[in-house]
Amino acid sequence: VPPPSKRPATPAAWAAPVLLLAGALWLGAALSTVRAGDLGLVRAGTPAIRGETFPKEILDPSGGRAVIPAAPRRVVSLNIGADEILTALVEPERVAGVSRFADSPEMSTCVDRVPAHAARIRGADPEPILALQPDLVFAAVYNLESGVRILTGAGIPVVRFGNFRSYEDVIANVRVAGAALGAEARAEALIHQMNDRLGHIADRIRDRKPPRVLYYSPVGYTSGGATLVDEKIGRAGGLNVVSAEGILGPKHLSVELLVSLGPEVIVVPRWTPEHDPAAALLAEPVWRDTPAVQGGRVHALDAKWLTSVSPDGVRGVEELARVLHPEAFTS
Amino acid sequence: MRRLRAPTALGLGLVVLVGALAYGLSRGAVRIPAGDLLASLVGLEGPTAWQRTLVLDVRLPRVVAGAFVGGGLALSGAALQGLFRNPLADPGVIGVSSGASLGAVLAMYLGLGALSSWSIPALSIACAALTAFVVYAAASRRGRIPVGTLLLAGIAVGSFASALTSFVLSVALDEYEQGRQTFRWLMGGLEARNWHEVALVGPPTLLGAAIVLTSFRELDALILGETEASAVGVDVHRVRRRVVLATSLVIGSAVAVSGVIGFVGLVIPHMLRLVVGPVHAVLLPASLIYGGAFLVTADALARTLLAPEEIRLGVVTALIGAPFFLYLLLRRRGEYSVE
């Protein structure tokens with residue numbers, strides 16, 4: 001080892017001042033250009049579309065603004081919920097890209113509406129999206145934020161949906177999508193159709209005593225209050241035992257607590273046709289003495305209808321109502 | 001192995017770095033012809049607007065961020081190994097990275113990111129420094145830091161920080177969206193990084209690297225031990241404070257932008273010691289350059305090996321780094337040290 005302070009000028013000695021100067025100058029510049037929230041989290045909320053005719057303006061709840069100059073002709077959607085709404089609102093030739101799950105018969109309710117020519121997009125990966133040259137992108141707050149920011153930075157108008165907790169949210173999302181696409185009439189027709197079907201269920205179950213319902217996904221998640229699943233149970237004439245306890249949101253709760261709530265009906269979402277989650281639940285002794293198992297009322301229903309955040313999900317309410325009040329649907 | 005002279009090693013390093021950057025720029029989900037790529041970079045006519053955006057605002061910030069993160073981590077590893085006089089000192093192994101991610105997760109959970117984007121690297125840097133000082137104080141015994149003690153102290157402090165991170169996450173998951181975004185960040189990687197992130201990681205890395213580089217003589221002297229270094233006139237406490245703070249600046253900002261990426265700080269300096277020797281005047285700048293090139297290449301592989309799926313960057317660095325590190329250990333069994 002050489003003794004200290006006895007060495008000639010070295011790479012480290014000349015690199016240090018250069019890096020110091022570059023770092024200091026850049027820091028000064030960066031301090032003034034990186035704004036609050038550039039790395040921060042997105043605020044959930046429903047964006048607003050301003051303007052009756054094109055050009056229209058998107059007002060994002062996080063503060064962003066963007067202009068849609070004319071009726072979009074190349075629309076890309078980055079998640080299933082938006083895929084379902086987009087394909088219900090516009091002609092197939094205007095759909096340039098959908099999420100890669102749009103073709104999954106287990107997860108997507110719009111498999112038959114997705115055009116073959118549309119690209120299948122993985123997450124919010126900006127490269128393939130930019131290559132599609134879209135004139136409108138539907139995203140959600142759960143899509144990769146930095147990916148979405150690259151799109152907005154490239155001047156592509158992005159509608160970022162943020163609320164999926166109630167049918168009020170679903171209706172607001174469909175209206176915003178319709179306004180952004182210039183498909184207001186079809187959006188209203190879709191909402192009208194959905195409300196009709198919900199009204200029809202409400203008529204069938206009126207004045208019937210709501211059974212105590214537990215929604216239990218095989219991985220242990222359940223849905224408390226302020227979730228769309230909770231509202232679907234309520235509209236199907238059931239009482240969600242979890243939200244009745246005052247528990248909010250999608251939650252991972254202990255089986256002990258869930259058993260103690262004494263559910264009369266247990267609904268398990270089924271993600272694959274081969275696997276019967278109801279049988280798996282019945283095989284676990286912990287559930288044996290619940291009223292639901294005793295009464296033979298454990299039902300597996302297709303997950304996509306229960307979890308859909310588009311108007312398609314109304315079929316989930318219908319299927320729920322049939323298992324909660326079978327006597328009301330015998331005629 | 002024959003040792004390279006400093007100018008050769010560093011010049012070669014710059015060539016390798018430029019090659020890695022070019023390789024990173026050329027790979028992606030979409031094929032862009034080399035001509036259009038070059039024209040986009042120098043601002044010539046030819047490529048379409050979306051191709052230009054893709055090159056300048058998607059790929060370029062990603063490879064530049066990768067170069068800063070990789071270079072910063074490798075430099076910090078080299079400096080910490082010298083300071084701790086211990087070949088296992090790596091930001092990941094001694095718990096500093098865990099401390100840094102705790103800081104970043106705290107900043108996200110408390111919503112500070114919405115007030116100022118700088119809060120995330122700032123808190124990350126502060127927690128990295130705190131962890132490093134605690135580990136140093138816990139592991140130091142009369143001027144020596146035994147491998148075992150360092151590892152145990154690093155595991156203890158790192159586990160404590162990780163447990164706190166998990167706790168903050170479990171609380172944050174009640175706020176579903178916030179929890180999800182924090183969780184995704186914690187997985188690490190350089191997916192969809194843009195110029196804001198580059199601006200957050202670049203200046204602190206350059207400043208921290210500059211401060212570390214000025215300490216090259218003291219780090220050389222410290223290889224002998226703290227007592228011996230004091231005897232030749234090194235103010236050990238000052239050097240320690242300076243190097244720990246400077247590396248925390250570098251590691252904290254790297255973690256704030258990319259999450260925890262392991263093995264870069266361990267493998268690159270060890271590899272370079274074989275090639276350029278242990279003298280910090282050359283080792284430190286070489287780590288900065290080769291570390292950057294390594295991470296840019298690893299990231300390019302991460303997004304192309306299983307395209308269109310992306311492998312997590314930390315997985316790739318560990319898959320390359322761990323076997324290589326084992327190879328080095330076996331080859332120089334018994335005689336392995338930082339000297």
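The values are calculated or read from the model by the stated rules, or taken from the named source; none is laboratory data. Note that the coordinates shown come from a computational prediction; the quantities given were computed from them, not determined experimentally. Virtual Cβ from ideal backbone geometry, glycine too; neighbours counted across all protein chains shown.
Couple of notes before you dig in:
- Of the residues making up the stretch A:143-186, just one is of a type in the set (Gly, Ala, Ser), in a helix (DSSP H, G or I) and under 20 Å from A:Val317 (Cβ atoms), namely A:Ala172.
- Any hit, the stretch B:181-188, residues being away from chain A (no Cβ under 14 Å) and within 16 Å of the chain's Cα centre (by Cα): no
- Listed by position, the helices (runs of 4 or more DSSP H) enclosed by the stretch B:236-339 that each have at least 3 residues that are modelled with pLDDT under 85 and more than 24 Å from B:Leu83 (Cα to Cα) are B:313-331.
- Some residue of the stretch A:121-135 being at pLDDT below 95, under 25 Å from A:His192 (Cα atoms) and of a type in the set (A, V, I, L, M): no
- Unique match (being within 14 Å of chain A (Cβ to nearest Cβ), under 29 Å from B:Ala100 (Cβ atoms) and buried (at least 16 other Cβ atoms within 10 Å of the Cβ)) among B:Leu4, B:Leu60, B:Leu80: B:Leu60
- Per-region count, the stretch A:196-217, residues in a helix (DSSP H, G or I) and touching a residue at least 12 places away in the same chain (Cβ under 8 Å): 6
- Residues in the stretch B:224-245 that are buried (at least 19 other Cβ atoms within 10 Å of the Cβ) and aliphatic (A, V, I, L, M) were compared, and the one that is farthest from the other protein chains (Cβ to nearest Cβ) is B:Val244.
- Residue within the stretch B:193-215 that is in contact with an Asp or Glu (Cβ under 8 Å, 6 or more places away or on another chain) and more than 7 Å from chain A (Cβ to nearest Cβ) present: yes
- Test: residue in the stretch B:125-147 that is of a type outside the set (Gly, Ala, Ser), within 14 Å of chain A (Cβ to nearest Cβ) and touching a residue at least 40 places away in the same chain (Cβ under 8 Å): yes
- Residue check: A:Leu151 meets all listed conditions (1) at pLDDT below 90; (2) surrounded by 19 or more Cβ atoms within 10 Å (Cβ to Cβ) but one, namely (1).
- Contacts under 7 angstrom Cβ, first residue in the stretch A:103-114 being farther than 19 Å from A:Pro92 by Cβ, partner crowded, with 21+ Cβ neighbours inside 10 Å, 6 or more apart: A:Glu106/A:Lys304; A:Met107/A:Ile80; A:Met107/A:Lys304
- Boolean, B:Ala221 is away from chain A (no Cβ under 11 Å), buried (at least 24 other Cβ atoms within 10 Å of the Cβ) and out of contact with any strand residue (DSSP E or B) (no Cβ under 9 Å at 6 or more places or on another chain): no
For (1) at pLDDT 95 or above; (2) under 22 Å from the mean Cα position of the chain (by Cα), each residue gets a yes or a no:
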position: A:Glu188; (1), (2): yes, yes
position: A:Gln193; (1), (2): yes, yes
position: A:Leu198; (1), (2): yes, yes
position: A:Val241; (1), (2): yes, no
position: A:Lys251; (1), (2): no, yes
position: A:Asp289; (1), (2): no, no
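- Verdict on A:Val293 being within 28 Å of A:Ile85 (Cα to Cα) and either surrounded by 12 or more Cβ atoms within 10 Å (Cβ to Cβ) or touching a residue at least 12 places away in the same chain (Cβ under 8 Å) (or both): no
- Members of the stretch A:4-23 found to be modelled with pLDDT of 55 or more, at the interface with another protein chain (Cβ under 7 Å from one of its Cβ atoms) and either more than 60 Å from the chain's Cα centre (by Cα) or not in a helix (DSSP H, G or I) (or both), listed by number: A:Thr10
- Residue list for the stretch A:218-234, restricted to those being in contact (Cβ under 8 Å) with a residue 60 or more places away in the chain and buried (at least 20 other Cβ atoms within 10 Å of the Cβ): A:Thr227, A:Leu228, A:Val229, A:Glu231, A:Lys232, A:Ile233
- Number of the exception - A:Thr33 against (1) at pLDDT below 85; (2) more than 7 Å from chain B (Cβ to nearest Cβ); (3) loosely packed, with under 12 Cβ neighbours inside 10 Å; (4) closer than 29 Å to A:Leu144 by Cβ: (2)
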